[in-house]
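Structure record follows, encoded as C-alpha cells.
The values are calculated or read from the model by the stated rules, or taken from the named source; none is laboratory data. This structure is a prediction, so every number in the text was calculated from the model and none was measured. With ideal geometry, Cβ positions are generated from the backbone for all residues, glycine too; neighbour counts draw on all protein chains shown. Calculation scope for accessible area: heavy atoms of the full protein, side chains included, ligands and nucleic acids excluded. Shrake-Rupley method; radii C 1.70, N 1.55, O 1.52, S 1.80 Å.
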Amino acid sequence: MKVVFAILFFISCLSCESQSKINIAAEKKMVKVKGGKFKTFYVSKTDKPLLVEPFLMDECAVTNKEFLEFVKANPAWSKSKVKRLFADSNYLKHWKSDFEIGESNKNIYNSPVVNVSWFAAIAYCNWKNKRLPNLAEWEIAGNAPPQNIQYTSITDYIMKWYEKPSLPVLPNVKTTYCNTYGLYDMHGLIWEWTFDFNSFISTSDSRNTSNNDNNLFCAGASINVTNREDYAAFLRYGFRGSLRGNYCISSLGFRCVKDLPSNKL
Amino acid sequence: MKIKKNIFILLAFIAAAFGISCKSNGTASAADEKVTGEEIAELSYAPMVPKPITRNHPTHVIVNLNIVERVMKLADSTDYMFWTFGGAVPGQFIRVREGDEVQINLANLAANKLSHSIDLHAVSGPGGGAEASNVAPGQTSTFHFKALNPGLYVYHCATAPVPMHIANGMYGLIYVQPKEALPKVDREYYIMQSEFYTKGNFGLKGLQEFDEQKGINEQPNYVVFNGSVNANAGKNALPANVNETVRLFVGNGGPNLVSSFHVIGEIFDKVYLEGGEMVNRNFGTTLIPSGGAAIVEMKMDIPGVYNIVDHSIFRTFNKGCLAQIKVKGGRDTLIFRKN
C-alpha cells in the first residue's frame, strides 16, 4: 500500500515535461485531478453542483500504437471482427489492416487513436483496468488553464481549433499544450469520449424548451453563459449530443481515468 | 315538416359544396394529390435557381445535402472559416413542388469538426427537422417531410450554439413551388443577405476569426449578398436584357439584421411578401426579416447597372452589402433620358 501511495505521490509531484520531448512510456503516465464541485455551464443558479471525487487521468490521449496492442490482445476488436453494433464501418478506417497501422502511417503511431467507438474505448479502458471519464470529470480536467503556452483565454484557444481546417495528418499527442494538472491536449487536438456523453441532452434540437435544455437555448440571455468560456462548451456539448455509442469519427478519440485507491476506502 | 327537411338537405348540400371548394383552394388538397414517382432534387448554387418544376403531380424528392466546413473568401483579401450547406454560402437552393414528399439526406463530411443539423422553415414538424437531422462528422442523417405549404422559406442549422452556426454561414433557401406555378419569367436568380462578425475590421487581410461579442451586440463588420463582398457585383453581376422580367428569390439568413431590400433605379412590379401568397405591386423597398424571404419581380426597362442594396444604407457603403444586375439592350428614351 505504501508503495502505491509513494507512486501516487511521485506522479502528483511531477509537472509537465518539456513540450518538445515526446515520451510515451509503456505504462502510460496518469496524473491526479483534484475533483471538486462541478456545474455544467448551462445550468441555472439554483441547480446543485455535482461533487466530483479526485481521480487519476491519462496524461494524454490513447495513441494508435497503444490501441494496436489492445487489438492484438483482443482480436474481437480488430477491424474485420468487430460487431457493427459496437463500431460502425468507419472503425479504425485509417489503419492498413486488422493488426497493422501501416508503414505509410508511421507518423501517426504516437497520434491519438481516432475512428474508435464508445464501446471500443470502454473495452480498452477495462483492459487497462481503468475506465472512461464521466462528463463532469472530463470537464473539470479540461477546464484547467494551460501552463506552457501564451493564451488570452482557453475559449479563444479552442475556437481557433475550429477555425483551422482539419490537418491531413493528425499530430502526435503532447503537441498542443499542457494544463496545470499536467494533462496534455485537453483541447485543440481531438474530441474525446466521455462515459455519459449523451446524458445531459435528451434532444438534439438545442432550442427545445420543453425540458431542462432550455437553458442551453436561452444561453444568450442567461447569466451563466454570457462569457466566452461557454461558447466553446456549447459546441462541445452539442457535439456530444449528436453521438451514438457505435460512431467512429476521425476527430474523436479518448483517454482513460482511474479512481484513486483512497476513494475506495 | 317537409319544408324543414328540405331546408336541412339544402344546408347540408351547401355545406358539402363549401367543403369541396375549401378543399380545392386550401392546402389540404396538397395532401390529397397522389404522390407518384421519385426523383433526386436538382440543387443550385447562388445566384442560380433550379429550373421551374413542370410536373403536375407530387413526387418523392430526395435532397442530398453535404455539410462542409471550409475556408473561403469573405472579401478580396479576407478569408473566413465558413460552415456551409453544400460547400458554399448561402447553401444550395432547394426547389420542390407543393405536396411533394421530401427526403432530406444530410451528410456531415468526415473532415468536419462539429455536429450540425437542418431546420427548414418549410417543414411542419418539431424543430423543422432539426432534432431529426442532428448529425456527427462522418455520419448522414435522414428525415422526411411533406411540403404542405407553398412559398419561399429559409433553412438553417440549429445545433448549439445556434447563433454561431448561422453566423458562420449555415443557411439557404427552399422554394415550395405552388401547384399552380408562378407565371414564367425570363430570368430567376437566388440572392441571400447575411452578416458576419469578425475580430478584425471590415477589409482586414488574412483569416478572420468569429467575434461572439459583436454577434451579441448585433454589430457586424460585414453585411453581404451571397456570402462574400462583391459575390455578384462587377464582373459577377447578374446579367439581364432590356424588356426581360427578372424574378429574385431573396432570403435573409441574418443572424440578426432585418433587410430593407431595394434595387436602385428599379421599381418592384410585384413582390410576394415574405415569400408567401400575398402580392404587393409598384413599390421600391421591401422588408425581409431575419430568417425570412421574399420573391421580387421587376421588368428591366432601361439598360445599365442596377445596384441591389440593403437600404439601411451604411451596410452597403461600409459593410459590403451590394449586388448588381447588368442590363443590356437599346434605350427607350421615353422612359429615361438625360436632358
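The residues packed around A:VAL82, meaning those with a beta-carbon under 11 Å from its beta-carbon, carry a net charge of +2 if Lys and Arg are +1 and Asp and Glu are -1. Accessible-area rank, largest first, for B:PHE336, B:PHE314, A:PHE234, B:PHE202: B:PHE314, B:PHE336, B:PHE202, A:PHE234, with all protein chains present and a 1.4 angstrom probe. In terms of accessible area, using a 1.4 Å probe and ignoring ligands and nucleic acids, B:ILE216, B:ILE325 rank largest first as B:ILE216, B:ILE325.
Applying 1/(1 + (r/R0)^6) with r as the Cβ-Cβ distance of A:LEU167 and A:PHE99 and R0 = 30 angstrom yields a FRET efficiency of 0.70. Using 1/(1 + (r/R0)^6) with R0 = 45 angstrom and r between the beta carbons of A:ASN198 and A:GLN147, what's the FRET efficiency to the nearest 0.05? Once rounded, the FRET efficiency stands at 0.90. Charge tally for B:PRO150 (other residues, Cβ to Cβ under 10 Å; Lys, Arg +1; Asp, Glu -1): -1. Taking all protein chains together and rolling a 1.4 Å probe, A:LYS164 ends up with roughly 120 Å² accessible. Rounded to the nearest 0.05, what FRET efficiency do B:PHE314 and B:MET48 give with R0 = 41 Å and r taken as the Cβ-Cβ distance? Could you check? Between B:PHE314 and B:MET48 the formula returns 0.90. Computed from backbone phi, the HN-Hα couplings of the stretch B:307-321 come to 7, 8, 9, 9, 6, 6, 6, 4, 4, 6, 7, 10, 10, x, 7 Hz, rounded to whole numbers (Karplus: 6.51 cos²θ - 1.76 cosθ + 1.60, θ = phi - 60°; Gly and Pro given as x). Relative to the longest principal axis of the Cα atoms of chain B, the long axis of helix B:2-25 makes an angle of roughly 20 degrees. DSSP bridge analysis restricted to the stretch B:187-328 gives an antiparallel fraction near 75%, rounded to the nearest 5. Computed with every protein chain present, the accessible area of B:GLU244 is close to 30 Å² [probe 1.4 Å]. The stretch B:162-213 and the stretch B:88-153 have their alpha-carbon centroids 16 Å apart. Charged neighbours of B:TYR222, selected by a Cβ distance under 10 Å, balance to +1 (K, R count +1; D, E count -1). Taking amide H as placed 1.01 Å from N in the peptide plane, A:GLY102 has its amide H under 5 Å from the amide H of A:LYS96, each at least 5 places away in sequence or on another chain.
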